[in-house]
């Protein structure tokens, strides 16, 4: 080999390593982020069922099949009710799907699955990947805590799990490959949501509370429940978490160029979210742009140009997709007429249509006016409902139970949980108004203004405003069937965990007594989980009764946590360690529901990726 070839190879290797390191840092930040990501994937894999569970999941699977073959029009529709599947629309050149941003991300995964499936048993490949993720998680965690037994024990467990699962593995039908591709990118998005929550909280309050917040997102909230399902919600949460993290970095950076760069990058997740769901992107974009420019130290022409240019470039996939699908770069698929049944949660308001005749002589301007008008009207409707219908708040956030109109669409089963029933750990937010009131009383007006421009104040404002807008957009249509955990308000679980981490009482309890929190969580999952199984076995409940058992258990623990959080905020004499225990217990209650719902309650929805779990499910006839 010549000296020139050797030098070229060295430079290529160096550049490859630099790119790999850059991607690693962008996605995970550090080894703690990587550990959270791998642990999240391992957790989701425990109840990963390969199949379509909700009818409108068929539309996105059909969309992927066609996009993978190079077309946006749905000419091949192998899943569900074909073109009648909810989520199918009338495009310029024929029927089209939606969520093209997710579909494009899933295309290379589908190609990889097809390639692997052609030469290997794909079920064994999936088991092997999960086992390797377990080895990676154990190794990373073991190195972080400097405990070699964690590395050895995790590796042995991974090998044993691989052998046991391979012994019962059955072939995966090629027809499932598109579904698996979508599920994989969904689980990756959910795992990264926990990573960016960790990085956001760590940026403001340190790594220990950051790790706790990221872990809570991954195992104690419905973000874990929906990770492997063919829905957009995991991607919405990821985009919001990433935007808030980058926004925080823009306020903590010392160099002016870094500030400008991070401010511009904060709009990239918004553009990617628009590619998936334009209305939800607006719910993030409006607070972000207002707060960002109102609190920035400088908004010179160069900064504005960089932000605008970055945002416009990130919106190119959104514009191109809309142009191909709807004939207009600003008209997303959800603004098109529904091909089959109308869907009330779309921006179209139920398939009212979006043809060129509705636009003015300047189509882009007219289309933009129409979108903004529709968006504002939906938010106004939501604000009116929020102010005039307290019962809807109660049935959405606190206690649901059996609601005839909803249960009739869920097989006459009360399988819908409220926000608090889904994630009882969020009950600690009850102390937020008290903490905010005490904080405001002790500070002058100048200090308040200074706080609003601080990194925490900026993120708080955007998070709160975005959460309020999500409630305004979706509350008028809630409660709704086929939700299980109020999935349309999915971002509130991320924002709620962030809010918990911002409370001094919660933050202090976890930081000073993290071992207690961990022991309370582990003990409740492993011992309390068995007690829950024993109780349900004795009751012999139906599906709805089992879900409502979890609802009541969650509310019981949530009330105790809320009382502690308020009391600790008001008085320093309230035991801090008790809060650490309660946080661990409520988080574990959320985990128990996620595990039992995936392994037992809804196990009929598809075959498990880990065959051993199938036998565990058969041994737990709870519902």
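Checking 26, 77 one by one, the residue that is free of Cβ contacts under 8 Å to residues at least 12 places away in the same chain and either under 20 Å from the mean Cα position of the chain (by Cα) or within 16 Å of residue 182 (Cβ to Cβ) (or both) is 26 and no other. Scanning the range 409-440 for residues that are farther than 19 Å from residue 489 by Cβ and crowded, with 24+ Cβ neighbours inside 10 Å turns up just one, 431.
Only one of the numbered conditions (1) more than 26 Å from residue 603 (Cβ to Cβ); (2) modelled with pLDDT of 95 or more is violated by residue 471, and that is (2).
When the residues of the range 146-159 are narrowed to those that are loosely packed, with under 12 Cβ neighbours inside 10 Å and either out of contact with any helix residue (DSSP H, G or I) (no Cβ under 7 Å at 6 or more places or on another chain) or closer than 26 Å to residue 607 by Cα (or both), which ends up modelled with the highest pLDDT? Explain how you work it out, then say what you get.
Quick first cut of the range 146-159, residues loosely packed, with under 12 Cβ neighbours inside 10 Å only: 146, 148-149.
Subset that is either out of contact with any helix residue (DSSP H, G or I) (no Cβ under 7 Å at 6 or more places or on another chain) or closer than 26 Å to residue 607 by Cα (or both): 146, 149.
Values: 146: 89, 149: 92.
For the range 146-159, the residue satisfying everything is 149.
Could you tell me whether residue 488 is buried (at least 19 other Cβ atoms within 10 Å of the Cβ), farther than 15 Å from residue 588 by Cβ and modelled with pLDDT of 95 or more? Even if it seems obvious, please write down each step before you answer.
Details: buried (at least 19 other Cβ atoms within 10 Å of the Cβ): yes; farther than 15 Å from residue 588 by Cβ: yes; modelled with pLDDT of 95 or more: no.
No.
When you scan the range 543-565, do you find a residue that is surrounded by fewer than 22 Cβ atoms within 10 Å (Cβ to Cβ) and in a loop (DSSP other than H, G, I, E, B), even just one? No; the residues of the range 543-565 include none that is surrounded by fewer than 22 Cβ atoms within 10 Å (Cβ to Cβ) and in a loop (DSSP other than H, G, I, E, B).
Give the residue that is nearest to residue 270 (Cα to Cα), with candidates limited to residues of the range 93-108 that are out of contact with any strand residue (DSSP E or B) (no Cβ under 9 Å at 6 or more places or on another chain) and surrounded by fewer than 20 Cβ atoms within 10 Å (Cβ to Cβ).
Checked the range 93-108; the qualifying residue nearest to residue 270 (Cα to Cα) is 104.
Yes/no per residue for (1) more than 25 Å from residue 584 (Cβ to Cβ); (2) touching a strand residue (DSSP E or B) at 6+ places or on another chain (Cβ under 6 Å); (3) in a helix (DSSP H, G or I):
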residue: 406; (1), (2), (3): yes, no, yes
residue: 415; (1), (2), (3): yes, no, no
residue: 426; (1), (2), (3): no, no, yes
residue: 432; (1), (2), (3): no, no, yes
residue: 440; (1), (2), (3): yes, no, yes
residue: 469; (1), (2), (3): yes, no, yes
residue: 475; (1), (2), (3): yes, no, yes
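Across the range 53-64, the number of residues qualifying as touching a helix residue (DSSP H, G or I) at 6+ places or on another chain (Cβ under 7 Å) and either surrounded by fewer than 22 Cβ atoms within 10 Å (Cβ to Cβ) or without any contact (Cβ under 8 Å) to a residue 12 or more places away in the chain (or both) comes to 1. Exactly one of these conditions fails for residue 444: (1) closer than 21 Å to residue 398 by Cα; (2) free of Cβ contacts under 8 Å to residues at least 40 places away in the same chain. Give me its number. For residue 444, the failing item is (1). Residue 616 meets the stated requirement of being without any contact (Cβ under 8 Å) to a residue 60 or more places away in the chain and under 24 Å from residue 215 (Cβ atoms).
Does any residue of the range 77-95 turn out to be touching a helix residue (DSSP H, G or I) at 6+ places or on another chain (Cβ under 8 Å), modelled with pLDDT of 90 or more and in a helix (DSSP H, G or I)? Looking for residues that are touching a helix residue (DSSP H, G or I) at 6+ places or on another chain (Cβ under 8 Å), modelled with pLDDT of 90 or more and in a helix (DSSP H, G or I), one finds none in the range 77-95, hence no. Which of the residues belonging to the range 253-289 are over 21 Å from residue 238 (Cα atoms) and in a helix (DSSP H, G or I)? Those that are over 21 Å from residue 238 (Cα atoms) and in a helix (DSSP H, G or I): 256, 257, 258, 259, 260. For residue 223, the test of being part of a helix (DSSP H, G or I) and closer than 23 Å to residue 271 by Cβ is failed. Here residue 331 passes the criteria (1) surrounded by fewer than 19 Cβ atoms within 10 Å (Cβ to Cβ); (2) not in a helix (DSSP H, G or I) except the one numbered (1).
Of the listed requirements (1) under 27 Å from the mean Cα position of the chain (by Cα); (2) in a helix (DSSP H, G or I); (3) crowded, with 16+ Cβ neighbours inside 10 Å, residue 480 misses just one: (2).
The values are calculated or read from the model by the stated rules, or taken from the named source; none is laboratory data. Remember, it's a predicted structure, so these values are computed and weren't measured experimentally. Cβ sites come from the backbone with ideal geometry, for glycine too, and all protein chains shown count toward neighbours.
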